[in-house]
There are 2 protein chains.
Amino acid sequence: MTNSQEAFSRYLAEKNLKMTPQRRVILDTLQKQDEHLSSEELYALVKRHDPSIGQATVYRTLKLLNEAGIVEPLDFADGVTRYESSYGREHHDHLICEACGRNIEIMDEVIERRQEELAEEHGFTLLRHKMYLYGLCPDCRGKK
Amino acid sequence: MTNSQEAFSRYLAEKNLKMTPQRRVILDTLQKQDEHLSSEELYALVKRHDPSIGQATVYRTLKLLNEAGIVEPLDFADGVTRYESSYGREHHDHLICEACGRNIEIMDEVIERRQEELAEEHGFTLLRHKMYLYGLCPDCRGKK
DNA sequence: GTAATTGCAAATTATTTGCATTGCC
DNA sequence: GGCAATGCAAATAATTTGCAATTAC
């Protein structure tokens, strides 16, 4: 069993919720992909494993996984929420090509530190942040 | 007539589109508010001026205004897209209180510069970015 | 055993679209 | 006058919810 499965079980136990085969399959499937999946894409993959699982269960499980801190919702600018497995991973942000959708994970200490400072300057306690950089990747820049 | 109204007229003319009383009222109303309004909130205000205006026109006009570079869609994490008038304003980001929704505009040169550098390091041409900092404001921190 | 979970279908929410009519340029 | 814009209602899309049946602990 992977770490995130254990973490999920632990989270569920804490909240007096139950581990189910559906939840297991959904988390498992999300983790095997390293693409960022929408709920619908995930649903399609999950169904190959167990066609009886319903879309609503996928939505409900993603919400739980998010509350448990195991997956993160991502908002590229295309109207669909995608998810990535974040358990045990460093925080990172995303650099997205507007032409081809290609998507690079980035992380910068300087920015992270300034974010903290900015929040503090306004008396805020920083809980989390989202940063997306949108541009054109080397391959797409030429074509424009 | 304000600058952004002129800019909108210019944009419309360029594209062989037309200025209409509805579009004028919608832009005007959005500008008078300095709150960030959702399409629905904007619709409610617009209707006070002219009850015959339809919700679809508000959506259509917001889309146009965005294409014209006059308003920006904002995505706080509550599922509703809000808009702010951006014409002639400096770019800025947002610091949002998760408890009360309070929302402070921020701008930091250090971060902006690092964003450019990061994009370049990956061979990207940076077109735009979104950054949201979520936390607790001074008033709400105590209450938690 | 019992409260949580599931799958299904219906409900919601936010947004878009088709179309007949109206109105700007 | 002609093409674009409007209002309305119906259509879509993404997500949520009510509920009876099922299942984990």
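Could you please let me know if A:ARG114 is farther than 29 Å from A:THR61 by Cα, modelled with pLDDT of 90 or more and surrounded by 15 or more Cβ atoms within 10 Å (Cβ to Cβ)? Yes: the conditions hold for A:ARG114.
Whenever a residue of segment B:96-107 is on the phi < 0 side of the Ramachandran plot and at the interface with chain A (Cβ under 10 Å from one of its Cβ atoms), its partners that are small (Gly, Ala, Ser) and open to solvent by less than 50 Å² (accessible area, probe 1.4 Å), lying with C-beta atoms within less than 9 angstrom and at least six residues away or across chains, give the pairs B:ILE96/B:GLY135; B:CYS97/B:GLY135; B:GLU98/B:GLY135; B:ILE106/A:ALA119. Looking at (1) open to solvent by 40 Å² or more (accessible area, probe 1.4 Å); (2) within 10 Å of chain B (Cβ to nearest Cβ); (3) of a type in the set (Phe, Trp, Tyr), find the lone condition where A:TYR134 falls short. Unmet condition: (1). Restricting A:HIS92, A:HIS129 to residues that are under 14 Å from the mean Cα position of the chain (by Cα), closer than 23 Å to A:ASN66 by Cα and more than 9 Å from every other protein chain (Cβ to nearest Cβ) narrows the list to A:HIS92. Here's a check for you: in segment B:49-72, which residue that is within 14 Å of another protein chain (Cβ to nearest Cβ) and touching a strand residue (DSSP E or B) at 6+ places or on another chain (Cβ under 8 Å) is nearest to DNA strand D (Cβ to nearest atom)? Step by step, filter segment B:49-72, then rank; the result is B:ASN66. Cβ-Cβ contacts under 8 Å between residues 6 or more apart (or on different chains), taken from a first residue in segment B:4-26 that is among the hydrophobic types (A, V, I, L, M, F, W, C) and within 10 Å of DNA strand D (Cβ to nearest atom) to a second residue that is open to solvent by 80 Å² or more (accessible area, probe 1.4 Å) and not in a helix (DSSP H, G or I), are listed as B:LEU12/B:LYS18.
The values are calculated or read from the model by the stated rules, or taken from the named source; none is laboratory data. What you see is a predicted model, and the numbers here were worked out from it, not measured in a lab. Positions of Cβ are backbone-derived with ideal geometry, glycine not excepted, and every protein chain shown enters the neighbour counts. We work out accessible area using only protein heavy atoms, side chains counted, and drop any ligands, DNA or RNA first. Shrake-Rupley method; radii C 1.70, N 1.55, O 1.52, S 1.80 Å.
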